[in-house]
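This report concerns only the one structure given below.
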Amino acid sequence: MTENNFDIVIIGGGPGGYVAAIRSAQLGMRTALVEREHMGGICLNWGCIPTKALLRTSEIYHLMHNAESFGLSVENIKFDLAKIVARSRGVASQLSKGVSGLMKKNKVTVIDGHGKLAGKGKIAIEKDGKKISELTAKHIILATGARARTLPGLEADGPLVMNKLVWSYKEAMVPDVMPKSLLVIGSGAIGIEFASFFRTLGAEVTVVEVMDRVLPVEDEEISKLAQKAFEKQGMKILTSTNVKALARGKNNVTVTLEAGGKTSEITVDRVILAVGIVGNTENLGLESTKVKVEKTHVVVDQWSQTGEPGVYAIGDLTGPPWLAHKASHEGVICVEKIAGVKDVHPLNVKNIPGCTYCWPQVASVGMTEKAAKEKGHTVKVGRFQFIGNGKAIALGEPEGLIKTVFDAKTGELLGAHMIGAEVTEMIQGYAIAKTGELTELDLMHTVFPHPTLSEMMHESVLDAFGKVIHM
């Protein structure tokens, strides 16, 4: 066995790739991970983690401004943008180093470079555009992730532009100035999280969404409550609106909007683009293989196998839902299937929870009420408002809703949808219930601790069947 020969080679060190590498090594396979830039991928370095650090700062800033309601006195409240950004980058750096440590602990060979397919069982490693080595492997897993989508005429300012006025998520994460006014294009999780961060720190924020509601993948009732909360905070929300053009000035951007057949203009200091993502399928050597690409994403079966024998793909590269935890789970399933582990099950995407860390937080799992009805289910819907929960009132967070959707005939939990404080932590309870195929009776008979926010989950289940106690 040569030092460049492996059982599994994984291209991409994000949450799908590095987790797959660890599991592969645990199962006794000789494993290599190829990463060209940052261990931990976009999520850890430029996505999930550093944005949460930013949002935590804005949350504390908000609480400081409301200290009087808790019997506290805080004067001369201000922030240092450079220190906010530095903390966020420090958190990302710490965790990236942690992933590198896990690679060493699990004896995964890490190769710095760009990996691409170079024939059956072969991977060419390039650095600065030049081939530096070649690996061989029985199995190759593509985990190259995705990047921000751009639209013609609406591109973000490139790295060579000194005074960046139109930001992608990267520029928005490391702002050199706090804009007085900001327009966010797209109201999905990424757009709304940035809108929430900048609005809480004082920027005048306008959100433009081409669909008829914000957070369009969420349950309609939750979307409406979210928009109401955002507008109460001072955000301007423009739904069913298209961005037609961006005209850059010296220190601002004039944006042309179209809605209902009419055009209008708005001038802001900065623009953030958050209009989705596309898979990183380029320069992977797919052209001479049977790997199929549709709408920028690699097509795979339930075990992450592509059309090319011995080549697999996981994570954002394979399409929605574009979530780090989905990528990690896919990586484990893929590797365990390769290793012949017994009782490996395909991933059921219906049981994957989604979270948006804006203020208020939004979380969900499973079908929306509308989707359940469209699938032919007769549903029972339960609701419980935060105002009826003692812990929520004690926290000073009385606004929010827990909504559950059940099949009226079988008692199956079809979906759960939440908006309010800490719902991103609570949603996992319903994810466990869905994975375990629990019915309404199982959830009703579960004892929830008091006083906790989680009690509202129980009450929402009871409400669906006419048994709610505290509302």
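The values are calculated or read from the model by the stated rules, or taken from the named source; none is laboratory data. This structure is a prediction, so every number in the text was calculated from the model and none was measured. Every residue, glycine among them, receives a Cβ derived from its backbone with ideal geometry; neighbour counts consider all protein chains shown. Calculation scope for accessible area: heavy atoms of the full protein, side chains included, ligands and nucleic acids excluded. Shrake-Rupley method; radii C 1.70, N 1.55, O 1.52, S 1.80 Å.
Restricting attention to segment 251-259, does a residue exist that is among the hydroxyl-bearing types (Ser, Thr, Tyr), within 29 Å of residue 113 (Cα to Cα) and open to solvent by less than 40 Å² (accessible area, probe 1.4 Å)?
Our first condition is that a residue be among the hydroxyl-bearing types (Ser, Thr, Tyr); within segment 251-259, this holds for 254, 256.
In the following step, the residues that additionally are within 29 Å of residue 113 (Cα to Cα) were identified as none.
Within segment 251-259, none of the residues are among the hydroxyl-bearing types (Ser, Thr, Tyr), within 29 Å of residue 113 (Cα to Cα) and open to solvent by less than 40 Å² (accessible area, probe 1.4 Å).
Tell me, which helices (runs of 4 or more DSSP H) lie completely within segment 371-471 with 2 or more residues that are within 19 Å of residue 219 (Cβ to Cβ) and aromatic (Phe, Trp, Tyr)? Walk me through it before giving the result.
Working: elements: 390-395, 423-435, 440-444, 455-464.
The helices (runs of 4 or more DSSP H) meeting that bar number zero.
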Exercise. How many residues are modelled with pLDDT of 95 or more and either under 20 Å from residue 320 (Cβ atoms) or among the aromatic types (Phe, Trp, Tyr) (or both) when one looks only at segment 168-187?
Worked result: 3
Seminar exercise, completed: Being in contact (Cβ under 8 Å) with a residue 12 or more places away in the chain, under 30 Å from residue 32 (Cα atoms) and open to solvent by 30 Å² or more (accessible area, probe 1.4 Å) narrows 349, 311 down to just 349
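Looking only at residues that are open to solvent by 40 Å² or more (accessible area, probe 1.4 Å) and assigned to a strand (DSSP E or B) in segment 129-156, which one is nearest to residue 255 (Cα to Cα)? Talk me through it step by step, then tell me what you get.
Here is the first cut: in segment 129-156, the ones open to solvent by 40 Å² or more (accessible area, probe 1.4 Å) are 129-132, 134, 136, 138-139, 147, 149-153, 155.
Adding the requirement that they be assigned to a strand (DSSP E or B) leaves 130-132, 134, 136, 138-139, 147.
Values: 130: 41, 131: 44, 132: 46, 134: 48, 136: 51, 138: 52, 139: 48, 147: 24 Å.
Looking at residues that are open to solvent by 40 Å² or more (accessible area, probe 1.4 Å) and assigned to a strand (DSSP E or B), I get 147.
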For this session: State the number of residues belonging to segment 61-85 that are within 22 Å of residue 180 (Cα to Cα), surrounded by 12 or more Cβ atoms within 10 Å (Cβ to Cβ) and of a type in the set (A, V, I, L, M).
Result: 5
Problem set entry | Evaluation of residue 121 against (1) within 20 Å of residue 338 (Cα to Cα); (2) buried (at least 20 other Cβ atoms within 10 Å of the Cβ); (3) of a type in the set (Gly, Ala, Ser) (one fails), failing number | (2)
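Considering 397, 330, 374, which residue is open to solvent by 20 Å² or more (accessible area, probe 1.4 Å), within 30 Å of residue 283 (Cα to Cα) and modelled with pLDDT of 95 or more? Talk me through it step by step, then tell me what you get.
Working: 397 fails: within 30 Å of residue 283 (Cα to Cα); 374 fails: within 30 Å of residue 283 (Cα to Cα).
The match here is 330.
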Problem set entry | Among residues of segment 444-462, those that are touching a residue at least 40 places away in the same chain (Cβ under 8 Å) and open to solvent by 50 Å² or more (accessible area, probe 1.4 Å), counted | 2
For this session: May I ask you to list pairs of residues, at least six apart or on different chains, whose Cβ atoms are under 9 Å apart, with the first in segment 406-429 being without any contact (Cβ under 8 Å) to a residue 40 or more places away in the chain and at negative phi and the second being of a type in the set (Asp, Glu) and open to solvent by 10 Å² or more (accessible area, probe 1.4 Å)?
Result: 412/437; 412/440
Exercise. Can you tell me which residues in segment 376-394 are more than 19 Å from residue 464 (Cα to Cα) and free of Cβ contacts under 8 Å to residues at least 40 places away in the same chain?
Worked result: 393
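Inside segment 404-425, can you point out the residues that are of a type outside the set (A, V, I, L, M) and under 12 Å from residue 225 (Cα atoms)?
The first filter runs over segment 404-425 and keeps only residues of a type outside the set (A, V, I, L, M), leaving 404, 406-407, 409-412, 415, 417, 420, 422, 424-425.
Once the filter is applied, which keeps residues that are of a type outside the set (A, V, I, L, M) and under 12 Å from residue 225 (Cα atoms), segment 404-425 yields 417, 420.
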For this session: Read through the list (1) of a type outside the set (A, V, I, L, M, F, W, C); (2) open to solvent by less than 50 Å² (accessible area, probe 1.4 Å); (3) closer than 26 Å to residue 161 by Cβ, then give the number of the only condition that residue 282 fails.
Result: (2)
Problem set entry | Pairs where the first residue, in segment 62-86, is outside any helix (DSSP H, G or I) and the second is surrounded by 12 or more Cβ atoms within 10 Å (Cβ to Cβ) and hydroxyl-bearing (Ser, Thr, Tyr), C-beta under 7 Å, 6+ apart | 79/61
Exercise. With (1) crowded, with 20+ Cβ neighbours inside 10 Å; (2) farther than 20 Å from residue 197 by Cα; (3) under 20 Å from the mean Cα position of the chain (by Cα) as the list, and residue 93 as the residue in question, which single condition is left unmet?
Worked result: (1)
Problem set entry | Of the criteria (1) closer than 14 Å to residue 463 by Cβ; (2) surrounded by fewer than 21 Cβ atoms within 10 Å (Cβ to Cβ); (3) not hydrophobic (A, V, I, L, M, F, W, C), which one residue 407 fails | (1)
Exercise. Of all the residues that make up segment 31-56, how many are without any contact (Cβ under 8 Å) to a residue 60 or more places away in the chain and either within 24 Å of residue 311 (Cβ to Cβ) or open to solvent by 30 Å² or more (accessible area, probe 1.4 Å) (or both)?
Worked result: 5
Seminar exercise, completed: In segment 157-195, residues that are among the acidic types (Asp, Glu), within 21 Å of residue 57 (Cα to Cα) and either part of a loop (DSSP other than H, G, I, E, B) or out of contact with any Leu (no Cβ under 7 Å at 6 or more places or on another chain) (or both) total 2
Exercise. In segment 157-214, which residues are under 21 Å from the mean Cα position of the chain (by Cα), more than 24 Å from residue 43 (Cα to Cα) and surrounded by fewer than 20 Cβ atoms within 10 Å (Cβ to Cβ)?
Worked result: 210, 211, 213
Exercise. Looking at 371, 363, which one is over 15 Å from residue 215 (Cα atoms), under 25 Å from the mean Cα position of the chain (by Cα) and touching a residue at least 40 places away in the same chain (Cβ under 8 Å)?
Worked result: 371
